[in-house]
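Let me begin by presenting the structure, written as structure tokens, before commenting on it.
The values are calculated or read from the model by the stated rules, or taken from the named source; none is laboratory data. Keep in mind it's a predicted model, so treat the numbers as computed, not measured. Glycine also receives a Cβ, built like all others from the backbone with ideal geometry; neighbour counts cover every protein chain displayed. Keep in mind that these areas ignore ligands, DNA and RNA; they rest on the heavy atoms of the full protein, side chains included. Shrake-Rupley method; radii C 1.70, N 1.55, O 1.52, S 1.80 Å.
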Amino acid sequence: METHISCLFPEILAIIFSYLDVKDKGRVAQVCVAWRDASYHKSVWRGVEAKLHLRRANPSLFPSLQTKGIKKVQILSLRRSLSYVIQGVPHIESLNLCGCFNLTDNGLGHAFVQDIPSLRVLNLSLCKQITDSSLGRIAQYLKNLEVLELGGCSNITNTGLLLIAWGLHRLKSLNLRSCRHVSDVGIGHLSGMTRSAAEGCLSLEKLTLQDCQKLTDFSLKHVSKGLNKLKVLNLSFSGGISDAGMIHLSNMTHLCSLNLRSCDNISDTGIMHLAMGSLRLSGLDVSFCDKIGDQSLAYIAQGLYQLKSLSLCSCHISDDGINRMVRQMHELKTLNIGQCVRITDKGLELIADHLTQLTGIDLYGCTKITKRGLERITRLPCLKVLNLGLWQVTESERMSFTKNASRRKGGL
């Protein structure tokens, strides 16, 4: 008896279709009635995010989304009321409005008029007209929100953070990148320092404070006292943070990743404070902190030796610092030392001899390294990513390095 794909049960077809990308999921629905019915099974569309242009009326759009069980929506352009989405996807779990520049407090207020218990993720990044008024609505009606992205929402103030701290107790991730009006007072609200007015967001696990220029070390004091569950903290480009603030962070036992990139007031002393505490960091970025030198690498080897990722781009480190660090860093997998112009082949040889678990290394702009040092690096058994950038290497040499590395991996 001859078998054909058309003989497969709809449940089997649905399993097959679930592995297709979004465009192909739509195409198989046009093949025949059987395939269309199978492609509309909710398991085919599980986890898919619908990307929509809300321009003109489309009566079939939201019924189609409901049939497929789609609960994640990204709005690419917004020319109609946001309330159409909230009404059309009643069990919505994720709403991405990133870059919807014309979204206003009024438009968001018309959409959020009652509790939406299913909504867990809301992205308002670069919605520059949004103010604290919208955060009041969000705090009132989105009580189960776990992720809130506010990067680039430059009209948000400490009052908005007070509202978040009052209403969003289940929040796990908050992005306040470039919210220029946010200060230590607002971080105090989030950390539960003003409990007479707001309990705080004490379940936060990820907090992004990149480019928040009004923050000082007092913010880190608030964070260390109130946000005990924090795992990821991004302070990059926050110029008001200094070495003294690292004392507060040094005993946050759940903190896994700390980003201090371009924090100009962080020096070897700050790294010493981190290393002397009880941190178990797996990721640290101090790139472009021009007060970081070889002494920091010695401190890292003593107290932060469990790191898996370390970024030191453009720091004033040398082969001597590498020598003081590499023997203790047995778990390091990613090392970024681009634009560290004092690193030579000697430093690369030390890395190749001791950091045998490295999967990626950035050597962009390391102008004192030569072919000899690179040949040693390419012998690392786990290496997958090598960024050379400004290093002057001919195309034939580059291909030779790549071939040699591939042969070694193939022989393992």
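Out of 295, 306, 87, any idea which swings most in a Gaussian network model of the chain, alpha carbons joined below 10 Å?
87
Can you list residues whose amide H is under 5 Å from residue 20's amide H, if they're 5+ apart or on another chain and H is modeled 1.01 Å from N?
Sorted by chain and number, the residues that satisfy this come to none at all.
Please arrange 36, 80 by accessible surface area, largest first, computed with a 1.4 Å probe and ligands excluded.
On the way: 36 105, 80 65 Å².
Per-residue accessible area, sorted high to low, gives 36, 80.
When the chain is modelled as a GNM with alpha-carbon springs shorter than 10 Å, which of 257, 196, 309 fluctuates the most?
Answer for the Gaussian network model of the chain: 196.
What nm distance separates the two modelled labels at residue 251 and residue 371, each placed 7 Å from Cα along Cα→Cβ?
Reported label-point gap for residue 251 and residue 371 is 5.6 nm.
Would you mind classifying the chain by shape? Square roots of the alpha carbon gyration tensor eigenvalues, ordered a ≥ b ≥ c; an a/c under 1.5 is rounded, otherwise it is prolate if a/b is larger than b/c and oblate if not.
Oblate shape, in that a/c is at least 1.5 and b/c is the bigger or equal ratio.
Residue farthest toward the positive end of the dipole of region 175-332, with Cβ of Lys/Arg at +1 and Asp/Glu at -1: which of 203, 251, 216?
Positive-most Cα among the choices belongs to 203.
Against the longest alpha carbon principal axis of the chain, how many degrees, from 0 to 90 and to the nearest 10, is the axis of helix 158-167 turned?
60
List the aspartates and glutamates whose Cα lies under 15 Å from the Cα of residue 384, skipping any in the same chain that are fewer than 8 positions away.
362, 375
Using the structure shown, list the pairs from 231/333; 128/206; 143/231; 214/333; 23/68 with a Cα-Cα distance above 26 Å, or answer none.
On the way: 231/333 19 Å; 128/206 22 Å; 143/231 22 Å; 214/333 34 Å; 23/68 14 Å.
Over 26 Å apart, Cα to Cα: 214/333.
Strictly greater than 24 Å: what percent of every Cα pair in region 21-160 meets that?
Tail fraction, whole percent: 33.
Mind pulling the angle between the C-alpha long axis of helix 395-411 and the longest principal axis of the chain? Nearest 10 degrees, somewhere in 0 to 90.
So the helix axis and the longest Cα principal axis differ by about 80 degrees.
How far is it, in nm, from the label point at residue 56 to the one at residue 278 when both lie 7 Å from their Cα along the line to the Cβ?
With each label placed 7 Å out from Cα toward Cβ, I get 6.4 nm.
Please give the solvent-accessible surface of residue 300 in Å², to the nearest 10, using a probe radius of 1.4 Å with every protein chain present.
Residue 300 has an accessible surface of roughly 0 Å² with all protein chains in place.
Suppose R0 equals 22 Å. What FRET efficiency, 1/(1 + (r/R0)^6) with r the Cβ-Cβ distance, do residue 110 and residue 140 give to the nearest 0.05? List each step's numbers first, then the result.
Working: r = 14 Å, r/R0 = 0.65.
Efficiency at R0 = 22 Å is approximately 0.95.
Could you work out Rg/(2.2 N^0.38 Å) for region 213-327, with Rg from alpha carbons only? Before the final figure, lay out each step's value.
Numbers: Rg = 12.9 Å, N = 115, 2.2 N^0.38 = 13.4 Å.
This ratio for region 213-327 stands at 0.97.
Once ligands and nucleic acids are excluded and a 1.4 Å probe is used, how much of residue 173 is accessible, expressed in Å² to the nearest 10?
Answer for residue 173: close to 20 Å² accessible.
What is the gain in length, in nm to one decimal, between residue 290 and residue 305 on full extension, counting 0.36 nm per residue of separation less the C-alpha to C-alpha distance?
Numbers: separation 15, 0.36 × 15 = 5.40 nm, distance 2.19 nm.
This chain segment gains 3.2 nm when fully extended.
Report ³J(HN,Hα) in whole Hz for each residue of region 188-195, in order, from the Karplus equation J = 6.51 cos²θ - 1.76 cosθ + 1.60 where θ = phi - 60°; Gly and Pro get x.
Ordered by residue, 3J(HN,Hα) equals x, 4, 4, 8, x, 7, 10, 5 Hz.
Can you work out ³J(HN,Hα) from phi for every residue in region 78-88, in order, using Karplus 6.51 cos²θ - 1.76 cosθ + 1.60 and θ = phi - 60°, giving whole Hz and x for Gly and Pro?
Per residue, the Karplus-derived 3J(HN,Hα) values read 10, 10, 10, 5, 5, 4, 4, 5, 4, 6, x Hz.
Counting only Cα, what are the radius of gyration and maximum Cα-Cα distance Dmax of region 48-241, in Å?
16.8, 53
Order the following by accessible area, largest value first: 377, 12. Probe radius 1.4 Å; ligands, DNA and RNA are ignored.
Numbers: 377 0, 12 70 Å².
Of 377, 12, the descending order of accessible area is 12, 377.
In debye, nearest 20: dipole of region 75-209 around its Cα centre with unit charges on the Cβ of K, R (+) and D, E (-)? Don't jump to the answer; show the numbers that get you there.
Details: 12 positive and 9 negative charges, 42 e Å.
The dipole of region 75-209 has a size of about 200 debye.
In debye, nearest 20, what is the charge dipole magnitude of the chain about its Cα centre with +1 on Lys and Arg Cβ and -1 on Asp and Glu Cβ, if you could check? Write down the numbers at each step before the final one.
Values: 49 positive and 33 negative charges, 175 e Å.
Computed about the Cα centre, the dipole is about 840 debye.
For region 105-115, take each phi angle, set θ = phi - 60°, evaluate the Karplus expression 6.51 cos²θ - 1.76 cosθ + 1.60, and give the result in whole Hz per residue in order, putting x for glycine and proline.
4, 5, x, 5, x, 5, 7, 9, 10, 7, 4
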